[in-house]
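The values are calculated or read from the model by the stated rules, or taken from the named source; none is laboratory data. Computed from a predicted structure; not experimentally measured. Neighbour counts are summed over all protein chains in view; Cβ atoms, including those assigned to glycine, are modelled from backbone coordinates with ideal geometry.
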2 protein chains.
Amino acid sequence: MSIETEINTIAIIGGTGKEGKGLAYRWVKAGYKVIIGSRNMEKAQIAVAELAEKLTDQEQKLLSGDENGAAVRQSQLAVLTVPYQFHKDILSSLKNDLAGKYLIDVTVPLVPPKVSTVQVPEEGSAALQAQMLLGEETTVISAFQNISFGLLLSDEKIECDVLVCGKNVEAREIGQKMVRATGLTAWDAGPLENSIVAEGFTSVLIRINKQAGTKNAGIQITNVPRD
Amino acid sequence: MSIETEINTIAIIGGTGKEGKGLAYRWVKAGYKVIIGSRNMEKAQIAVAELAEKLTDQEQKLLSGDENGAAVRQSQLAVLTVPYQFHKDILSSLKNDLAGKYLIDVTVPLVPPKVSTVQVPEEGSAALQAQMLLGEETTVISAFQNISFGLLLSDEKIECDVLVCGKNVEAREIGQKMVRATGLTAWDAGPLENSIVAEGFTSVLIRINKQAGTKNAGIQITNVPRD
């Protein structure tokens, strides 16, 4: 199956939490069709209704809800925003639906209760785990691990860069384009092995937030020309 | 052997490169005695002479050179700045000298030629590798992996934060104190497992420098109160 490079519809798997709603909000604002997916159709519809309150009538037409598999089948690009404990199972159950698609994996391999200690998955990173599980028919991209998703639901500029990993330059370019559509600065951070840096940094940020009494600690690349 | 918490003398193992000289410069400026160590006494003396040109007469009295083992024995805290390929060997050869001391490990597990791909050591991080090799008698701290060391030889403010890892709060506090003495902002980044984030980030920065045509890309924590 060939990869479709023109992306107009995005499925957000497990998109009823604040991560999914935050990304959906930003992408709808950027003109993409977004389908919020859930295992439960009713939950998806509730999330759509909540988000609709922040959208114009025109924008609301771009937003819908569906069961995860159906959402993925209607999209060119899917986004995975579920807790790590469900990572393998949900990917396995959607493997056929994801064939021929891009998948942006936002997963951080946190293992409660030690969420501020970095956990390196056996495969090297959660994103590599996804790529190995899905096989070559799906192009896995990793991004957005260090964003406080609550911030995405505001229209303010977010002071946090996004590291984008993927198996090849084309995958990373698609990923960067999708990040820039949310208003954030994206960096090509290399192959999926490198995703452990962004995934692991979330544990460090959790720790820094706790120490500093903050909620939205992020990262920024310095000493480089910025957008 | 008990750990001495009052640090006045720092040994820089393999300190004749720009990493070692940059750190030596900053610490001498901050009033610490610094011994540049090398396998070769003559090389240590050459590095001292080079650095002395940038120091006042008074500051020069704080700087000396010695063979690595002798340098470590005269210090309370040693710093390791050698390429990863020598990491295990040099630590093994200095194990007895390092007992009862702090060791700041600056090592990044780069494996040429793929220096922009993250390599996770079997132990989880280069810093954990050092701690396992040296045993409990040495307190390993990791820091400074993301700094362009050439910048340390200037007196300019450096826009790059330092993540400090160590096995306990006391180790991380010592590490942060030593980082702040160089004029940089330090963050408690947690246990030595977390060091892979800072170690791996160097590969990402190498890649970003290549793409952006820059040399000193760094990282900064955002959305937190700063020094």
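Per the listing A:VAL111, A:VAL140, A:VAL118, the residue uniquely among the aliphatic types (A, V, I, L, M), closer than 22 Å to A:VAL197 by Cα and modelled with pLDDT under 95 is A:VAL111.
In the stretch A:111-124, the residues that are free of Cβ contacts under 8 Å to residues at least 12 places away in the same chain form Cβ pairs under 6 Å with partners that are not in a loop (DSSP other than H, G, I, E, B), at six or more places apart or across chains, as follows: A:GLU123/A:GLN129; A:GLU123/A:MET132. Applying the selection to the stretch A:127-139, what residues are outside any strand (DSSP E or B), in contact (Cβ under 8 Å) with a residue 12 or more places away in the chain and not acidic (Asp, Glu)? Within the stretch A:127-139, A:ALA127, A:LEU128, A:GLN129, A:ALA130, A:GLN131, A:LEU133, A:LEU134, A:GLY135, A:THR138 meet the criteria. When restricted to residues that are out of contact with any strand residue (DSSP E or B) (no Cβ under 9 Å at 6 or more places or on another chain) and in a loop (DSSP other than H, G, I, E, B), the stretch B:45-58 contains 3.
Can you name every residue in the stretch B:42-59 that is in contact with a helix residue (DSSP H, G or I) (Cβ under 9 Å, 6 or more places away or on another chain) and more than 17 Å from B:ASN8 (Cβ to Cβ)? Give the derivation first.
So the first thing to find is which residues in the stretch B:42-59 are in contact with a helix residue (DSSP H, G or I) (Cβ under 9 Å, 6 or more places away or on another chain), and the list is B:44, B:47-48, B:50-52, B:54-55, B:59.
Selection gives B:ALA44, B:ALA47, B:VAL48, B:GLU50, B:LEU51, B:ALA52, B:LYS54, B:LEU55.
The combined condition, being touching a His at 6+ places or on another chain (Cβ under 9 Å) and at pLDDT 95 or above, is fulfilled by B:ALA126. Taken over the stretch B:30-44, the criterion of being out of contact with any strand residue (DSSP E or B) (no Cβ under 6 Å at 6 or more places or on another chain) and either surrounded by fewer than 19 Cβ atoms within 10 Å (Cβ to Cβ) or closer than 15 Å to B:THR107 by Cβ (or both) is satisfied by B:ALA30, B:GLY31, B:ARG39, B:ASN40, B:GLU42, B:LYS43. Quick check on my filter: what residues within the stretch B:1-20 are outside any loop (DSSP other than H, G, I, E, B) and at pLDDT 95 or above? Selection gives B:THR9, B:ILE10, B:ALA11, B:ILE12, B:ILE13. Just one of the listed residues (B:VAL106, B:VAL111, B:VAL118) is buried (at least 24 other Cβ atoms within 10 Å of the Cβ), over 16 Å from the mean Cα position of the chain (by Cα) and under 25 Å from B:ARG207 (Cα atoms), namely B:VAL118. When the stretch A:26-76 is filtered for residues that are under 29 Å from A:ASN96 (Cα atoms) and among the acidic types (Asp, Glu), the ones remaining, listed by number, are A:GLU42, A:ASP66, A:GLU67. So is A:LEU128 under 16 Å from A:ARG26 (Cβ atoms), among the hydrophobic types (A, V, I, L, M, F, W, C), out of contact with any Phe, Trp or Tyr (no Cβ under 9 Å at 6 or more places or on another chain) and surrounded by 18 or more Cβ atoms within 10 Å (Cβ to Cβ) or not? Taking the combined requirement at face value, the residue does not satisfy it. Take the conditions (1) without any contact (Cβ under 8 Å) to a residue 12 or more places away in the chain; (2) within 24 Å of A:GLU173 (Cβ to Cβ); A:LEU80 misses just one of them, which is (1). Here is a check on your reading of the model: is A:VAL82 assigned to a loop (DSSP other than H, G, I, E, B) and under 19 Å from A:ALA127 (Cβ atoms)? Yes. Is there a residue in the stretch B:179-193 that is surrounded by fewer than 23 Cβ atoms within 10 Å (Cβ to Cβ), of a type in the set (Asp, Glu) and in contact with a Lys or Arg (Cβ under 8 Å, 6 or more places away or on another chain)? So far as the stretch B:179-193 goes, yes, one or more of its residues are surrounded by fewer than 23 Cβ atoms within 10 Å (Cβ to Cβ), of a type in the set (Asp, Glu) and in contact with a Lys or Arg (Cβ under 8 Å, 6 or more places away or on another chain). Out of the stretch A:6-25, which residues are in contact with a strand residue (DSSP E or B) (Cβ under 9 Å, 6 or more places away or on another chain), under 19 Å from A:GLY100 (Cβ atoms) and not aliphatic (A, V, I, L, M)? A:ASN8, A:THR9 - these are the residues of the stretch A:6-25 that are in contact with a strand residue (DSSP E or B) (Cβ under 9 Å, 6 or more places away or on another chain), under 19 Å from A:GLY100 (Cβ atoms) and not aliphatic (A, V, I, L, M).
Filter the stretch A:12-63 down to the residues that are of a type in the set (Gly, Ala, Ser) and under 21 Å from A:SER93 (Cβ atoms), then identify the one that is nearest to the chain's Cα centre (by Cα). Here the answer is A:GLY20.
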